[in-house]
Structure formats: structure tokens, C-alpha cells
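The values are calculated or read from the model by the stated rules, or taken from the named source; none is laboratory data. The structure presented is a predicted model; accordingly, all values stated were derived computationally and were not measured. Quick reminder, even Gly has a Cβ in these numbers, built from the backbone with ideal geometry, and neighbours come from all protein chains shown. Please note that ligands, DNA and RNA were not included when accessible areas were found on the heavy atoms of the full protein model with its side chains. Shrake-Rupley method; radii C 1.70, N 1.55, O 1.52, S 1.80 Å.
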Amino acid sequence: MLDQPRREPMLNVPAVVVALLVVLGLIQALIALVLTPEQTTQLLLLFAFIPARYDPSVMPDVVWPGGLAADIWTFVTYALIHADLTHLLMNSVWLLAFCSPLARRFGTLRFIAFMAVTAAAGAAAHLATHFGELLPVIGISASISGAMAASMRFAFQRGGPLGGQRDRADADRVPAASLSASLRDPRVLAFLLVWFGANLLFGYVPVGGAGVDQAVAWQAHIGGFLAGLLAFAAFDPIPLAVEADQEPGTTVH
């Protein structure tokens, strides 16, 4: 008998991505349907990323909720809060598209760690460019940007998600290109040009919700993107592809 091609479900979303979407949705429902405006403010003070926390000269008499612990955890927890339903839905679409292949490739624990690291990198980039600012940063966009950058390392490879492979599981596990090889690929360079151009173009579009008005934190996007691009190999369990001009048996770093 002839082998029949394996059929995959139309929505083959990893469980960790589904769980993350559920958490984001529950938090948004809590903000929109349960909390009072005052309680929402307290939630933001505890879990949003606020650069003024780290500059004692801005509000010297204020004791920030959560103290030192919140100074640390808000580098990640801000990613779980969104301004409104539109903000959440937009991020959810991008999360499904770019985080699903990465979660299948990394596995649950590596994926969670990667999302946390890229969120923290996004917060650090925002802090460096908005030190002392009172407006809170919220949203998972920095981590999604990191996932975009990481996916770029293997998506264009032969047999990868954009390389003609029909089997989704195999496509997500093709050996990735080295960083130097990726940056020589015209498709990757085109993606970088479009991505950075779009972030700079829409960097100052205001976003309202969750009790605050704020601009898009494009510096956080860039911080997350660069972290995802540079730290990809530290999380990837699959050996890198051997470049054509490399001797067999040598290692790509």
C-alpha cells in the first residue's frame, strides 16, 4: 500500500502557547470586568514596568508597592498585562503566528524561559531610553518581537516553515542558520528592514486602556528582538546547520 501523507489539525497550537493565551485573557477579563479603576492602578503599580521605580529623584517620598521584589519581577510581569481588548487581540494573533513554531522547537520550559528573557530585555531597553519616566509599559510585544527574530534563524532554511517543508513538525525543527549566515541572507535582511522600519514608523502611535494612555514602546520591541536574535542559540536544542563553505565535522557557534 502507498503511504498516505500525514494529516495535521488545522490549528496545531502547542499547549504552552494555548496556556499563555488563556492567562493573558484571564488577566484582561479581570481588569475589564472585576477590578475598579483604583484596583487597576494598584495592579499596574505592582506588575507593570515603570521606569520611575529606578530613579529615586523622580518621586523621592513614594514607597513603591512590592518593594525590591517588584523592581525585579516587573521586568517580566508587565508582559502579561494589556491596555485593552484590541491590544490583547492584536498581540494574540502575532503570538500564535510566531510563538507556536518556536514553542514546538524549544519545548515548554525553554520556551517559557525565552519569553521571560526577551521580555526582560525589552524592559531594559525601555529603561535605558526612558529612565525615570512615570508612564507604565505593558504588553507582550517585546517577547513576540524576540520570537520573530528567533524564528527568522530557521524559517528560511531549506525544509523550514518558509522553505517548502509540508510536515509542520519537521519544518519547525530544521537546523538553524548561524547568526552570520542569517545576516547574509537577502530574505532575512529584507525582513529586518521591514521590521525595523515598521517599528520606527508606528513608534509614537498612542495606545489607551487599563487606566493609562501611552505610546507604543518601540524601544522595548527592539530590545526583545535583539535578545531573541542573539540569544536564540542558547535556547535552541537543535544543532546549527553546517555552512556550505565549512569543513565537515567542524562546529558552528
Handout entry: Residue identified as open to solvent by 60 Å² or more (accessible area, probe 1.4 Å), among the β-branched types (Val, Ile, Thr) and modelled with pLDDT of 90 or more among Val188, Val242, Val205, Val194
Key = Val194
Handout entry: Only listed residue being of a type outside the set (Lys, Arg), at pLDDT 95 or above, in contact with a strand residue (DSSP E or B) (Cβ under 7 Å, 6 or more places away or on another chain) and within 22 Å of Leu21 (Cα to Cα), chosen from Ala123, Ala142
Key = Ala123
Exercise for the section: Would you please name the residue that is most open to solvent (accessible area, probe 1.4 Å), looking only at residues in the range 212-239 that are at pLDDT 50 or above, outside any helix (DSSP H, G or I) and not aliphatic (A, V, I, L, M)? Expected result: Pro239
Problem - Search result, residues across the range 102-118 that are open to solvent by less than 30 Å² (accessible area, probe 1.4 Å) and either over 9 Å from the mean Cα position of the chain (by Cα) or aromatic (Phe, Trp, Tyr) (or both) - result: Leu102, Ala103, Arg105, Phe106, Gly107, Phe111, Phe114
Practice task
Please work out which residue is nearest to the chain's Cα centre (by Cα), limiting yourself to the range 130-149 and to residues that are open to solvent by less than 20 Å² (accessible area, probe 1.4 Å) and among the polar types (S, T, N, Q).
Solution key: Ser143
Handout entry: Top-ranked residue in the range 23-50 [being without any contact (Cβ under 8 Å) to a residue 60 or more places away in the chain and outside any helix (DSSP H, G or I); ranked as least open to solvent (accessible area, probe 1.4 Å)]
Key = Leu35
Practice task
Exactly one condition in (1) touching a residue at least 24 places away in the same chain (Cβ under 8 Å); (2) more than 18 Å from Leu20 (Cβ to Cβ); (3) in a helix (DSSP H, G or I) is not met by Val76; state its number.
Solution key: (2)
Completion exercise
Going through (1) touching a residue at least 60 places away in the same chain (Cβ under 8 Å); (2) surrounded by fewer than 22 Cβ atoms within 10 Å (Cβ to Cβ) one by one, Leu127 fails only at (2)
